[in-house]
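The values are calculated or read from the model by the stated rules, or taken from the named source; none is laboratory data. Keep in mind that this is a model prediction, so the values were computed, not measured. Here the Cβ positions follow ideal geometry from the backbone for every residue, glycine too, while neighbour counts run over all protein chains shown.
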Amino acid sequence: MRSQTPGLNSIAWNLWHISRAEDVGINRLVADRGQVLDDEGWLARLGIDIRHQGTGQTAEEATATTTCLNLEALRAYTTAVEHRTLAVVESLEPDLLDDTLDPGRTHQVLFDEGFAHSNGAWLEKAYMGWHLGKCLIHFSLTHSYQHVW
């Protein structure tokens, strides 16, 4: 049984959330390519049916996500996302990193493609004006530090 402390997300939830954010942030926002989640059929393997990255989940939803996650698959998904991020970094043209996220495309990724939870609409405003370089650094390096105490 996975223990949950009220008000805190589990380690498994945080690993899933960080991996989802990196997958979408790097593959959809920076590289404009498919997600590892879709290209390799990870939803079924992970044991969940949600495409978003968890920001805005209620405590009950986060607990349900944690309870359903297949931990072996989560480890493999995290590794697959890491490998894809490295491939994207190796292929990026440095001058593209100054490009600003297109608001319409950001909206599409967040809402049409399901990256944002219904309680995470504020993410659209938060990402406005971001350059691809900021996305690359945030989603691949610094985002995870926000979840470590």
Give the number of residues within the range 120-149 that are closer than 21 Å to residue 61 by Cβ, among the aliphatic types (A, V, I, L, M) and surrounded by 15 or more Cβ atoms within 10 Å (Cβ to Cβ).
1
For the range 35-47, which residues satisfy the criterion of being at negative phi, free of Cβ contacts under 8 Å to residues at least 24 places away in the same chain and not in a helix (DSSP H, G or I)?
35
For the list (1) modelled with pLDDT of 95 or more; (2) exposed (fewer than 14 other Cβ atoms within 10 Å of the Cβ); (3) of a type in the set (Ser, Thr, Tyr), I need the number of the one condition that residue 58 fails.
(1)
Tell me, which helices (runs of 4 or more DSSP H) wholly within the range 69-149 include 2 or more residues that are of a type outside the set (A, V, I, L, M) and touching an Asp or Glu at 6+ places or on another chain (Cβ under 9 Å)?
71-91, 103-107
Filter result for residue 113 (under 14 Å from the mean Cα position of the chain (by Cα) and among the charged types (D, E, K, R))
yes
Working only within the range 125-148, note down all residues that are free of Cβ contacts under 8 Å to residues at least 40 places away in the same chain and either of a type in the set (S, T, N, Q) or touching a Phe, Trp or Tyr at 6+ places or on another chain (Cβ under 8 Å) (or both).
142, 146
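Conditions tested, residue by residue: (1) surrounded by 15 or more Cβ atoms within 10 Å (Cβ to Cβ); (2) under 14 Å from residue 15 (Cβ atoms); (3) over 13 Å from the mean Cα position of the chain (by Cα).
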position: 35; (1), (2), (3): yes, no, no
position: 75; (1), (2), (3): no, yes, yes
position: 95; (1), (2), (3): no, no, yes
position: 101; (1), (2), (3): yes, no, yes
position: 106; (1), (2), (3): yes, no, yes
